Every structure is written in structure tokens, then in C-alpha cells.
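The values are calculated or read from the model by the stated rules, or taken from the named source; none is laboratory data. Keep in mind that this is a model prediction, so the values were computed, not measured. As a convention, Cβ positions derive from the backbone with ideal geometry for all residues, glycine included, and neighbour counts pool all protein chains shown. Just so you know, the surface numbers come from the protein's heavy atoms only, side chains and all, with ligands and any DNA or RNA stripped out. Shrake-Rupley method; radii C 1.70, N 1.55, O 1.52, S 1.80 Å.
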Amino acid sequence: MVLAACLLAMAGPVRAQPDQAAELAKKLANPVASLVSVPLQYNSDKYGGANDGASVDRLVVLPVVPVSLNQDWNLITRTIVPLIDQQGFQNPALNQSGLGDTTLSLFLSPKAPTAGGWIWGAGPILLLPTASKDALGADKWGVGPTGVMLKQSGPWTVGMLAGHLWSVAGNDSRADLSSTTLQPFVSYTTATHTTFGAYTESAYDWKSKQWQVPLIVQAGQLLKLGPQIVQLSAAAKYWADSPDNGPQGWGLRLQLTFLFPK
């Protein structure tokens, strides 16, 4: 929170080229926009059940890099690299800090919306066992399909991102993976480039037959730190459903996104 306050004190509004600023704010609401961005996302969650009193903090680096394939198609790469700190678990082996597993999503997406105004992308999602400690990852290689569809009308963006991941190789002594993710989202961007959004990052584990459903409400503001355009966001997270010993109650999310428009 102190870091966020310092950034706000240093930042200024994006006054120059208002049309460009409005376009950037709109692109940020689109997961397959042709925009290079590097979000730094901090999450803090409390656990319950047998893990009551435990907490997990994650600093996630999520670079998004579009690649133009030809005049009609883009390839959008979205990478998730988490740095994790787990503390307060009854099992001392779980109290670890380090790098978690990396997820890479590749979306083949047309540059132009459909005749009905829909924007979409689809491709594979890959799980890479990059965790530095056993407790911080699955120790499995994974693969599956992912896709996104959305529509932007005026200040509104409405859509859904979904995917499924199966483990295909790795440590045989670790549990296999089969997980479906469903991420519906809606956002509204004001004339001052403030974006208000609501979404979930729901996941269903087909092996344990359990849901994780965080409900997230977020507000983000487009700003300038010197010459650098950024978006600073804060979100409240509520765990509507989770395993008995999983995250519960309220959580916090803060995000600083660096934008690199062409």
C-alpha cells in the first residue's frame, strides 16, 4: 500500500494525445489486444480450515507480447511467472518462498473484429515446471486449449476467457493435473481513463472435484511516470468457493502495468 501511494504521488495524468490514451485504456481491457504490456501483480490471500492462519503472497510477472504474423493475424503470447511466499502453514514443508510454475498461453487472433464486433483468440496453454521448491509447484509438464471471446461497445468490455490444462509428463510421484478455468469479465472505462471491472478467475479441479471461485472487483487508472505510461490498479477479492483448507474470506490485489505502445 505504501508503494501504491508513492507511485500515485509521482504519477500524473495522461494529458497528451487523449485519443491515444483512450485507445490504450480500451486495449488494456482486451486480453488479445496488439499491445506490449508488462503487468506486475501482487496478491495476498488468507487460508482457512486446517491451514487457518496461513497466508500466501504472490508477485506475478505477466508479460503480454503480440507478434504480427501477416496483415490479418496476430499471435499473442501471455506468460505468467509467479514469485511465491507461503507462511503459517501447519506443515512446515509448505512454508517456502521462491519461484512457482510458469504458464504460457498462445492466442492466434484476427486483427479485425468479426462483422458482429466480436474479438477472439484461441490456441494452446502450456505449464512449465519451473518451481524452485517442491511446495511451490506441481512438478508436472502440462498442455491444453485456451480461448477468449469479447465485445467492446463504447466504454464497455464484456467477455470470457477459458481453458483446460492436463499434465502430460513429470514426476510420477506427484498428483496428475486436470483443471478447467473460466474467467468471465466486464469492465467500464471512463473519459478520464479510469477502468472499473468485475471478474472471476474460477478453476475446477477434476481430480479432487473442487472449485476455486474468487470474485474480484477492480479499479485502475492510466497514468504517466515521467515518460512511461502505466496503469495502477487495486482490487478486492472474495473467495466465494474454495477447498476446505484453501484460501478463504477476503484477499487483496494490486497491479502496476507498464505499457509500450508502438
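If the only charges are +1 at each Lys and Arg Cβ and -1 at each Asp and Glu Cβ, what is the size of the charge dipole of the chain around the Cα centre, to the nearest 20 debye?
Dipole about the Cα centre, nearest 20: 720 debye.
Rounded to the nearest angstrom and ordered from largest down, what semi-axes does the equivalent ellipsoid of the chain get from its C-alpha gyration tensor (root of 5λ)?
In descending order, the three semi-axes are 31, 23, 17 Å.
Once the Cα atoms of the range 20-151 are picked out, what are the Rg and Dmax in Å?
18.0, 56
If you average 1/r over all unlike Cα pairs in the range 124-210 and invert the result, what Kirkwood radius do you get in angstrom?
15.0
Have a look at the range 87-133 and give its Rg and Dmax from the Cα atoms, expressed in angstrom.
Reported Rg and Dmax, both Å: 18.9, 56.
Over the chain, with every protein chain in place, what whole percent of the accessible area is carbon and sulfur at 1.4 Å, could you tell me?
63
Any idea of the accessible area per residue across the chain, 1.4 Å probe, to the nearest Å²?
Each residue of the chain exposes 51 Å² on average to a 1.4 Å probe.
Suppose we keep just the alpha-carbon trace of the range 169-262; what are its Rg and Dmax in angstrom?
Reported Rg and Dmax, both Å: 17.4, 54.
In the range 68-102, which residues have a backbone nitrogen under 17 Å from the label point lying 7 Å from L108's Cα in the Cα-to-Cβ direction?
So the set is 68-78.
Is there a quick way to get the dipole size of the range 124-256? I mean about its Cα centre, with the Cβ of Lys and Arg at +1 and of Asp and Glu at -1; what is the value in debye to the nearest 20?
Computed charge dipole of the range 124-256: roughly 380 debye.
For the range 82-180, what is Rg from Cα atoms divided by 2.2 N^0.38 Å, rounded to two decimals?
In units of the 2.2 N^0.38 Å rule of thumb, it is 1.41.
So if each residue of separation counts as 0.36 nm, and I subtract the Cα-Cα distance between W206 and E23, what length gain in nm does that give?
My answer for the length gained is 61.9 nm.
Return the sequence-ordered ³J(HN,Hα) values of the range 23-32 in whole Hz as given by the Karplus equation 6.51 cos²θ - 1.76 cosθ + 1.60 applied to θ = phi - 60°, using x for Gly and Pro.
5, 5, 4, 5, 5, 5, 7, 10, x, 10
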